[in-house]
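Below: one structure, written as structure tokens.
The values are calculated or read from the model by the stated rules, or taken from the named source; none is laboratory data. Being a predicted model, the structure only gives us computed values, none of them experimental. So basically every Cβ, Gly included, is an ideal-geometry build from the backbone, and we count neighbours across all protein chains shown. What goes into the accessible areas is simple: the full protein's heavy atoms, side chains included, and nothing from ligands, DNA or RNA. Shrake-Rupley method; radii C 1.70, N 1.55, O 1.52, S 1.80 Å.
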Amino acid sequence: MSIARLLNIKYPIFQGGMAQIALAELAAAVSNAGGLGIIAAGGFSADRLREEIRKCKTLTDKPFGVNIMLMAPNREELADVIVEEGVKVVTTGAGSPAPFMKKWKEAGIKVIPVVPSVKLAKKVEQLGVDAVIAEGTESGGHVGETTTMALVPQVVDAVSIPVIAAGGIGDGRGVAAAFALGAQGVQVGTRFLATEECPTHENFKKAVVNASDEDTLVTGRSIGGPVRSIKNKMTLKYLELESRKASRDELEELALGSLRKAVLDGDTENGSVMAGQICGLITEITTVEKVITSMFEEAKEVCKNLNVGSLV
Ligand code: TUI
């Protein structure tokens, strides 16, 4: 069965679970446009997550999901809220969903973890998940080391559940490429940052629109928590501290609250502007519906016009 059919959505596109940004407004807009909107629980209390889920239900009657960051200290409570509120799809990041599988599967929830490697894809398949999102290092936020181009076909070969490709997908060419690699769907985060419905500070959106292909970098490798964001004063200071072998405490102090600083205050110099390498492709702020429909129209054109004659 196709992933769109499995989840009762029109287009096989998930919106990435971007902490502090993927709130009810954005998730509902994506679901209303025929994709799978996803509320990010990252940084939320259980009550706040419940509130966002209820708000999303008032904004759309289409399916939507919730993303849980498995490093969150309150993950147990968040996992319960998802069940209590009748959410149909959960995506997980930054860890193994093993402790929650029984609870979620008993509640009939579709569980779709994000994985950065073949090893983890195989591990979560064993747990009985419904699909995996293979996320390449081109993505924004917490990343692995393998590129989407290399990761997706290897995960496709290693598992027998559907694979969704993520990382570096921002238009119809990216969608077509993901399908060529064997994916059955795509997850897109960065492209949705530059949309009217995205509830982040205008400065954040402008930083994404203005960034070029070379403007992101990864901090946090030295403490085993690599995070991709747009180069600025904060990230350069962070890298300098890392090169001086600064302590975890010192690094965490610099990073603390930095995502909120960028998302809420619009401080794109001292805050953390998490975004993927595809930001250079984004030149305007548009609507969620336009992003989704143009992506799939373009993907169909790309497939039709592929220069397959040159293959022989
Ligand atoms: O989770 C993400 N991306 C994120 S989470 C996030 S929140 C944050 N905020 C501030 C600092 C740091 C993080 C921002 N972006 N993507 C999914 C993802 N999951 N990428 C990599 C992984 C992953 C890593 C390890 C998944 C599983 C995993 O398992 C480890 C193990 O051995 O179980």
### Summary
A correct Karplus calculation of ³J(HN,Hα) over segment 214-223, with 6.51 cos²θ - 1.76 cosθ + 1.60, θ = phi - 60°, whole Hz and x for Gly and Pro, returns 9, 8, 10, 8, 10, 10, x, 4, 5, 10
#### Entry: Charged-residue dipole, Cβ positions (Lys, Arg, Asp, Glu), segment 78-185 about Cα centre, Debye nearest 20
240 debye
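Run the numbers for Asn270 and Ile285: contour at 0.36 nm per residue of separation, minus the present Cα-Cα distance, in nm.
Length gained, Asn270 through Ile285: 3.1 nm.
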### Query
What is the ratio of the Cα radius of gyration of segment 215-312 to 2.2 N^0.38 Å, where N is its residue count, to two decimals?
1.52
### Query
Using a basic spin-label model with each label point 7 Å from the Cα along Cα→Cβ, how many nm lie between Arg5 and Lys233?
5.5 nm
#### Entry: Computed over segment 1-93, the ratio Rg/Rh where both radii use C-alpha atoms and Rh is Kirkwood
0.95
### Task
Could you tally up the Lys pairs in segment 79-159 with alpha carbons closer than 19 Å? Skip any pair fewer than 8 positions apart unless they're on separate chains.
12
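If the viscosity is 1.567 mPa s and the temperature 4 °C, what Stokes-Einstein diffusion coefficient in µm²/s follows for segment 146-281 when Rh is the Kirkwood radius over Cα pairs?
Value of D from the Cα-based Kirkwood radius: 80 µm²/s.
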## Note on the structure
Computed on Cα atoms, the radius of gyration and Dmax of segment 89-131 in angstrom are 9.4, 28
### Task
Go ahead and collect, in residue order, the members of segment 1-42 whose backbone nitrogen is under 12 Å from a label point 7 Å along the Cα-Cβ direction of Asn74.
41-42
### Point-charge dipole on Cβ atoms (K/R +1, D/E -1) for segment 1-131, about Cα centre, debye to 20
420 debye
#### Entry: For Asp215, solvent-accessible area (1.4 Å; no DNA, RNA or ligand), Å²
50 Å²
### Karplus 3J(HN,Hα) series, Hz, for segment 47-64 with 6.51 cos²θ - 1.76 cosθ + 1.60 (x for Gly, Pro)
5, 5, 5, 4, 4, 5, 4, 5, 5, 4, 5, 7, 9, 8, 9, 8, x, 9
### Task
Quick one: pull the percentage of alpha-carbon pairs in segment 64-103 with a separation above 17 Å.
17 percent
## Note on the structure
the chain: longest segment with zero exposed GluC sites (Glu not before Pro), where exposed means DSSP loop plus at most 10 other C-beta atoms within 10 Å, is residues 1-213
#### Entry: Accessible surface of Phe296 - all protein chains present, 1.4 Å probe, nearest 10 Å²
20 Å²
### Query
What Kirkwood hydrodynamic radius do you get for the chain when you take the inverse of the mean 1/r over all pairs of distinct Cα atoms, in Å?
19.4 Å
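Over the chain, with every protein chain in place, what whole percent of the accessible area is carbon and sulfur at 1.4 Å, could you tell me?
51 percent
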### Task
Calculate, for the chain, the solvent-accessible area per residue in square angstrom, rolling a 1.4 angstrom probe over the heavy atoms of the protein chains.
45 Å²
### Task
Mind checking segment 162-226 for trypsin sites (Lys or Arg not before Pro) that DSSP puts in a loop (not H, G, I, E or B) and that have at most 11 other Cβ atoms within 10 Å?
none
### Query
Looking at segment 56-203, what % of the alpha carbon pairs are farther apart than 21 Å?
46 percent
### Query
Leaving out ligands, DNA and RNA but keeping every protein chain, what accessible area does Cys303 have, in Å² rounded to the nearest 10, with a 1.4 Å probe?
70 Å²
#### Entry: Net lengthening on full extension, Leu59/Lys119 (0.36 nm per residue, minus Cα-Cα)
17.8 nm
### Message
Quick check for me: using +1 on Lys/Arg Cβ and -1 on Asp/Glu Cβ, what's the dipole size of the chain about its Cα centre, in debye to the nearest 20?
### Response
640 debye
